[in-house]
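J.: The structure follows.
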Amino acid sequence: MPQPNTGRRAREQAAQYNGVFANVALELSDGTTIDIPPHPNLRMLDDERQADYEELLFEIETQYDRAPDTYFPEQHLESGVVLPSETRKGAILEPYRKEGQLIKPPHSVRVVQVALGMDIYNQLRAGGKSSADVWRIWNEQGLVIADRAERDSKSNGSASPMATIPR
């Protein structure tokens, strides 16, 4: 039987080994700290936070304004292959909007609110910090993850198929 809050357990394990997927402590103006989880796309949030994030993603996909759809007519290739016609949905417009009105608070703020929960988000704001501070942490983690993937011999696109193992 699956155990709840596997995201929390994974973050705790990452913290034991100083892993990039651990929570990051953010110090507030009064000296207290709050824990910032990895970006929600990494699927390491607590169950409730992850459910809220997926609801936000669903809202974006189904309710936000989009550019016009693009129609591609049937195409006949020289090889004889016929590509059927298709219509591709237009891209979601940025900045995000619904019915021509900007989303408020902005999407970047909503992602932080969802990832932290409103109680922790309000503590963040009261402590003199903003969603930009959380995004800075997420961006730094993203750079570390990308660098790690680039150097990992098991990752597609790494520089070398075999890495030297230190003795």
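Conditions tested, residue by residue: (1) surrounded by 11 or more Cβ atoms within 10 Å (Cβ to Cβ); (2) under 16 Å from Val24 (Cβ atoms).
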{"site": "Tyr64", "(1), (2)": "yes, no"}
{"site": "Ser79", "(1), (2)": "no, no"}
{"site": "Pro106", "(1), (2)": "yes, no"}
{"site": "Val134", "(1), (2)": "yes, yes"}
{"site": "Ile137", "(1), (2)": "yes, yes"}
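J.: A further question follows. Cβ-Cβ distance below 7 Å, separation of 6 or more or different chains: which pairs start in the range 131-143 with a residue that is within 15 Å of Ile34 (Cα to Cα) and end on one that is in a helix (DSSP H, G or I)?
T.: Matching pairs, first to second residue: Ser131/Ser108; Ser131/Val109; Ser131/Val112; Val134/Val112; Trp135/Ser108.
J.: On to the next question. Taking into account only those residues within the range 113-138 that are part of a loop (DSSP other than H, G, I, E, B) and of a type outside the set (D, E, K, R), which is nearest to the chain's Cα centre (by Cα)?
T.: Out of the qualifying residues, it is Gly117.
J.: Additional query: So, Leu56, is that one surrounded by 10 or more Cβ atoms within 10 Å (Cβ to Cβ) and within 13 Å of the chain's Cα centre (by Cα) or not?
T.: yes
J.: Okay, moving on. In this structure, is Gln141 surrounded by 15 or more Cβ atoms within 10 Å (Cβ to Cβ), in contact with a His (Cβ under 9 Å, 6 or more places away or on another chain) and assigned to a helix (DSSP H, G or I)?
T.: Here the answer is yes, as Gln141 does meet what is asked.
J.: Let me ask you something else. Output yes when any residue across the range 137-159 is under 21 Å from Ala22 (Cα atoms), small (Gly, Ala, Ser) and at pLDDT 95 or above, and no when none is.
T.: Checked the range 137-159: no residue is under 21 Å from Ala22 (Cα atoms), small (Gly, Ala, Ser) and at pLDDT 95 or above.
The values are calculated or read from the model by the stated rules, or taken from the named source; none is laboratory data. The shown structure was predicted, so the numbers you read here are calculated from the model rather than taken from an experiment. Cβ: placed from backbone, ideal geometry, glycine included. Neighbour counts: every protein chain shown.
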